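Undergrad: Shown below is the structure under consideration.
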There are 2 protein chains.
Amino acid sequence: PAPPRLAGLGYGSLWLRLTVTPVGTSERQEQWEEVPQLGESRFGSLWPLPQNVVISPVAFMLRSSSFQIVHSAESSAGPGCSILQSAFRRYFEYMFGYTKNQGGNTKKGQDSEVTELQVWITSADSECDAYPSVTSDESCEFPEPMNFLIFFTCFLFACFYTPLLLLGLETFSQLVYEDQYGAKKINKTDVQDFPRFAHRGLLLDSSRHFLPVKVILANLEAMAMNKYNVFHWHIVDDNSFPYESTVFPDLSRKGAYHPYTHIYTPTDVKMVIEFARMRGIRVISEFDTPGHTQSWGKGQMDLLTSCYSGENPTGSFGPVNPILNSTYDFMAKFFKEVSLVFPDTYIHLGGDEVDFTCWKSNPDIQAFMQEHGFDKDFKKLESYYIQKLLDIVGSTKKGYMIWQEVFDNGVKLKPDTIIHVWKGNEEQYSKELAAVTAAGFHALLSSPWYLNRISYGQDWTVAYKADPHDFNGTDAQKKLVIGGEACLWGEYVDATNLTPRLWPRASAVAERLWSNQNVTDVGDAYNRLTQHRCRMVARGIPAEPLFVGYCDQEYKGL
Amino acid sequence: PAPPRLAGLGYGSLWLRLTVTPVGTSERQEQWEEVPQLGESRFGSLWPLPQNVVISPVAFMLRSSSFQIVHSAESSAGPGCSILQSAFRRYFEYMFGYTKNQGGNTKKGQDSEVTELQVWITSADSECDAYPSVTSDESCEFPEPMNFLIFFTCFLFACFYTPLLLLGLETFSQLVYEDQYGAKKINKTDVQDFPRFAHRGLLLDSSRHFLPVKVILANLEAMAMNKYNVFHWHIVDDNSFPYESTVFPDLSRKGAYHPYTHIYTPTDVKMVIEFARMRGIRVISEFDTPGHTQSWGKGQMDLLTSCYSGENPTGSFGPVNPILNSTYDFMAKFFKEVSLVFPDTYIHLGGDEVDFTCWKSNPDIQAFMQEHGFDKDFKKLESYYIQKLLDIVGSTKKGYMIWQEVFDNGVKLKPDTIIHVWKGNEEQYSKELAAVTAAGFHALLSSPWYLNRISYGQDWTVAYKADPHDFNGTDAQKKLVIGGEACLWGEYVDATNLTPRLWPRASAVAERLWSNQNVTDVGDAYNRLTQHRCRMVARGIPAEPLFVGYCDQEYKGL
């Protein structure tokens, strides 16, 4: 007898014009999983879901020829605020397209027409020229509401802080829809919103495969559409060193896949940072040491440990050599440069997966161990290195993030260090979160969000169900969890497949990190996410489909 | 203790300039699988591997300003053969790019320079204007060598049959490489080649998601690069009916996702067929009945069975209604049209996954069953329908392919029917292949090649290891296996992600169907496939990476 057939539903269309058509889903294609049913959410296509939102049935018209986004008189920002002017243009284009209705009638509209969106920055300093950052308040009182309130009553935004206003514009643009005649409308809607977690990050890896700047920028666009605010740039690793250093140009000249076509020049890096800044996104660079550094060794003599077989060097190299003064001279110069190139107040220092085999084989290191009384405990040598590195980076006035091993191995850390939890299954990472926060450190979760791991079907739901607060701990401990990061490691992705593989799967993580903890209805999420992914497609992002159906505007690329 | 670390290798570059750099692969990214090591194949970047090939170290130069592809004097084809002229241009562009070296020196070259590739069609009829087909010889004597011999001795091809010559040009283009100065070269190489299986198909599904024509054409390009010769167009299904019928225009008007933006017009279909023909690819359309037809019912009254709850119709519909004369009138007219629109001598009639629930509920069908003495055996009703359908299609002089259930259910079939095996694991599909061929029918395998199913890592190796002859049967039975098809069902793919998800995974199936049965070295395949995928990328196909590394020419799209 045939296996049981699973029920499924086809779906309609973008925006608020969903139609639901029951159709059979075949065993041939669907013997592997159940799929949720598609319907219409009372929250339309909003993604991630705001903290408080009430959409009334009262609809207003918007006319592209007359609609304006303006600074309110009380706002501390004005037309000189380039970050906002640029956002006005971007969101106008998202809402109305590029060329529609030019030269139309611009006389005052009717009562039922919205002619203006006023934006109001309430803080004394608009911070228009600043880089987005975790403010001191935020970094100390996670996850307190962060002074981000949008009073969205017939079309006035008030925000404390400019980067958050960008996110308010995203919300506004998500509320605009087309009626059946194609006319643009928005319903009277009350929104109060703020992020649940201050750190909503996405890791891209440009070492396993080089990612052209164009690809990085497109993903920053998509991040802004999903209210991500941290781009974790895992820029170098064993496989290649595409970061062009001005102080040590040999690092990319010899360590990149190609010294011209496969590197990020200083201009490229600036462009990425500025593009991100205009979207309220911080860029945190990761230069992972002492492991994951094979590519560093090609352009920097004596930086890596020489591995031995008995008394003879094998010609291959291990982690950074922690016993030489030259190592620390190099690191001081290098991280001095990095701290100036990347304006964010944090640097990610890696510290994961240090393989002791090569260190163990090296006679000089053996001697050093004995001298320092480390016995045979190579974790002590690792700690020795990391502590010296942290002192170096600390002297640049940067805060640092590190992968969990550094904490696990008992390295002495500054109290504001962020421990990045990436290992294990739910039971294991819950324990780690509890341990990290019990020790008083800030924690960041990635374990359930390794989006490079793929499986057949709707695997976004797995990412959606994970929660950074699912561990045993006090309220004070929970507050130390500053958020999470979706990671897309680069072994199997490059420009050909990165973007559709990442989106809308990363959107699931985005909602978990932004919306209220009680937003857990997978069915409602499915309804909104289906529309949200079509919106991303319409905006030029090749986000892959969640299930059968179509978008009014399909992807125009290949 | 940490899980064991797996060894891996980075790799160099496109063409024949591979360098091998040992680097660590991290547990963080690689706890799920072993990965093969990358090196250089003595067969360069050839894919799929020819039956016999000897590459000598003697290299010749090629100059884009003087190199020509010409018809040999003995050939039955000449400059009037549009299919070859078009292929000459295509392969010239693949080998030399679009704009290089215009107006260069055209005087006669040196001894070490190849100035000409002569092509020679040896059959009396060049078949330049014909559609590619399975010749009667081929379809009866699989897998005999099919008169396809390339005597590739300092640059003369001789082929019996024009479409096979296209494949020879692909081989030639794969032998051209750049030396370290960027100069184009080709080594003296002897090739004798023919496909192991005559039917090397790829199924795309344009019903679960509409696939823009542009996407279909790009995948036909990629198919030609992999010597696929059958595009199985699963054009309609439950979810939508994008095929615009001239006789029954309501089918797409009401059954497509959108009657204008999400349909294939007659011109679109012609374009796809002609584009395929120019690449030696047959287009076999599938119009699956009596199940998988929900979308048909929207534009064709009374075609589908009305489902009942007790004595009342529920308002929903089941498979095609097999008891009405109007059904067969419709099918006769519809398949008459289809047989004219699609020139291939075969049509795929589906016949899979018929759900009897609705038929069982319908009182008229119950009465009909009793009248015909079918008792409660709905397989007999299914057979009744299918046999009438086969008679209808048989009268159009087409051969037919059907999914395995039609055979399993004992429907009477013409001896040249092709049974498409899609169900089960290796044990199950081996049994099915044995049963189908024991009954004297031709078999086509897809079970191990459902490429819509994805998993993390190098899943191409699983597809690569499957073999259509791995079943218990006589030589005569083995000859009845005409080949296989890779299937990419459309639930989770559309224009955003189809192409990188399919390639180069479908390349693994292509080699299995083309090359000698003893070509099973996964390591050698990995080395060649890595280069082959970079070649596809350079030719504009966003084929995803197999593992870490880079291509000299990365993908330029998003």
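Undergrad: Would you check if B:V537 is crowded, with 23+ Cβ neighbours inside 10 Å and within 14 Å of chain A (Cβ to nearest Cβ)?
TA: When the stated conditions are applied, B:V537 passes them.
Undergrad: Next up: Only one of these conditions is not met by B:T530: (1) surrounded by fewer than 24 Cβ atoms within 10 Å (Cβ to Cβ); (2) in a helix (DSSP H, G or I); (3) within 14 Å of chain A (Cβ to nearest Cβ). Which number is it?
TA: Single failed check for B:T530: (1).
Undergrad: Any idea which of (1) part of a loop (DSSP other than H, G, I, E, B); (2) surrounded by fewer than 17 Cβ atoms within 10 Å (Cβ to Cβ); (3) modelled with pLDDT under 80 is the one A:V134 doesn't satisfy?
TA: Condition (2) is where A:V134 drops out.
Undergrad: Now a separate question. Given the criteria part of a helix (DSSP H, G or I), free of Cβ contacts under 8 Å to residues at least 40 places away in the same chain and at negative phi, does A:V537 qualify?
TA: Yes; evaluated as a whole, the condition is true for this residue.
Undergrad: So, one more: Checking A:T461 against (1) hydroxyl-bearing (S, T, Y); (2) over 30 Å from B:Y555 (Cα atoms); (3) crowded, with 22+ Cβ neighbours inside 10 Å, which test does it fail?
TA: Checking A:T461 against (1) hydroxyl-bearing (S, T, Y); (2) over 30 Å from B:Y555 (Cα atoms); (3) crowded, with 22+ Cβ neighbours inside 10 Å, the one that fails is (3).
Undergrad: For the stretch A:210-248, how many residues are under 22 Å from A:L529 (Cβ atoms) and either assigned to a loop (DSSP other than H, G, I, E, B) or within 14 Å of another protein chain (Cβ to nearest Cβ) (or both)?
TA: 9
Residue by residue, here is whether (1) charged (D, E, K, R); (2) out of contact with any Pro (no Cβ under 9 Å at 6 or more places or on another chain); (3) over 14 Å from B:S383 (Cβ atoms) holds:
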| site | (1), (2), (3) |
| --- | --- |
| B:G399 | no, yes, yes |
| B:E405 | yes, yes, no |
| B:G410 | no, yes, no |
| B:K414 | yes, yes, yes |
| B:H420 | no, yes, yes |
| B:G424 | no, yes, yes |
| B:Q428 | no, yes, yes |
| B:A439 | no, yes, yes |
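Undergrad: List the pairs whose first member sits in the stretch A:270-286 and is within 19 Å of A:F335 (Cβ to Cβ), whose second member is among the polar types (S, T, N, Q), and whose Cβ atoms are under 9 Å apart, counting only residues at least 6 apart or on separate chains?
TA: A:R282/A:S133; A:R282/A:N229; A:R282/A:T345
Undergrad: If you check B:Y555 against the conditions, is it facing chain A (nearest Cβ under 8 Å) and of a type outside the set (S, T, N, Q)?
TA: So B:Y555 fits the description; yes.
Undergrad: Further question: Being out of contact with any strand residue (DSSP E or B) (no Cβ under 9 Å at 6 or more places or on another chain) and more than 21 Å from A:L381 (Cα to Cα) is the filter here; which residues of the stretch A:312-342 pass it?
TA: Correct list: A:N312, A:K333, A:K336, A:E337, A:L340.
Undergrad: Among the residues of the stretch A:500-518, is there at least one that is assigned to a helix (DSSP H, G or I), in contact with a helix residue (DSSP H, G or I) (Cβ under 9 Å, 6 or more places away or on another chain), within 8 Å of chain B (Cβ to nearest Cβ) and closer than 26 Å to A:S206 by Cβ?
TA: Yes, the conditions are met somewhere in the stretch A:500-518.
Undergrad: Would it be correct to say that B:L444 is among the aliphatic types (A, V, I, L, M) and either touching a Cys at 6+ places or on another chain (Cβ under 9 Å) or under 23 Å from B:A466 (Cα atoms) (or both)?
TA: Yes, satisfied.
Undergrad: For the stretch B:212-226, name all the residues that are among the small types (G, A, S) and either out of contact with any Ser or Thr (no Cβ under 8 Å at 6 or more places or on another chain) or surrounded by fewer than 19 Cβ atoms within 10 Å (Cβ to Cβ) (or both).
TA: Matches in the stretch B:212-226: B:A224 only.
Undergrad: For the stretch B:431-458, what are the residues that are more than 13 Å from chain A (Cβ to nearest Cβ), surrounded by 19 or more Cβ atoms within 10 Å (Cβ to Cβ) and of a type outside the set (A, V, I, L, M, F, W, C)?
TA: If the condition is that a residue be more than 13 Å from chain A (Cβ to nearest Cβ), surrounded by 19 or more Cβ atoms within 10 Å (Cβ to Cβ) and of a type outside the set (A, V, I, L, M, F, W, C), then B:E432, B:T437, B:H442, B:P448 are the ones that fit.
Undergrad: If you go through the stretch A:249-262 one residue at a time, how many are in a helix (DSSP H, G or I) and away from chain B (no Cβ under 14 Å)?
TA: Final tally of qualifying residues: 3.
Undergrad: Of the numbered conditions (1) more than 23 Å from B:H234 (Cα to Cα); (2) without any contact (Cβ under 8 Å) to a residue 40 or more places away in the chain; (3) within 14 Å of another protein chain (Cβ to nearest Cβ), B:N497 satisfies every one except a single condition; which is it?
TA: With respect to (1) more than 23 Å from B:H234 (Cα to Cα); (2) without any contact (Cβ under 8 Å) to a residue 40 or more places away in the chain; (3) within 14 Å of another protein chain (Cβ to nearest Cβ), B:N497 is out only on (1).
Undergrad: While we're looking at this one, here's another question. Output the residues belonging to the stretch B:496-526 that are buried (at least 24 other Cβ atoms within 10 Å of the Cβ) and farther than 20 Å from B:M225 by Cβ.
TA: Residue satisfying the conditions is B:T496 alone.
Undergrad: Turning to a different aspect of this structure: Considering A:G483, A:G473, which residue is within 30 Å of A:L413 (Cβ to Cβ), touching a helix residue (DSSP H, G or I) at 6+ places or on another chain (Cβ under 7 Å) and surrounded by 24 or more Cβ atoms within 10 Å (Cβ to Cβ)?
TA: Selected residue: A:G483, the only one of A:G483, A:G473 that is within 30 Å of A:L413 (Cβ to Cβ), touching a helix residue (DSSP H, G or I) at 6+ places or on another chain (Cβ under 7 Å) and surrounded by 24 or more Cβ atoms within 10 Å (Cβ to Cβ).
The values are calculated or read from the model by the stated rules, or taken from the named source; none is laboratory data. Quantities reported herein were computed from a predicted structural model and do not represent experimental measurements. Please note: Cβ atoms are built from the backbone with ideal geometry, for glycine as well, and neighbour counts cover all protein chains shown.
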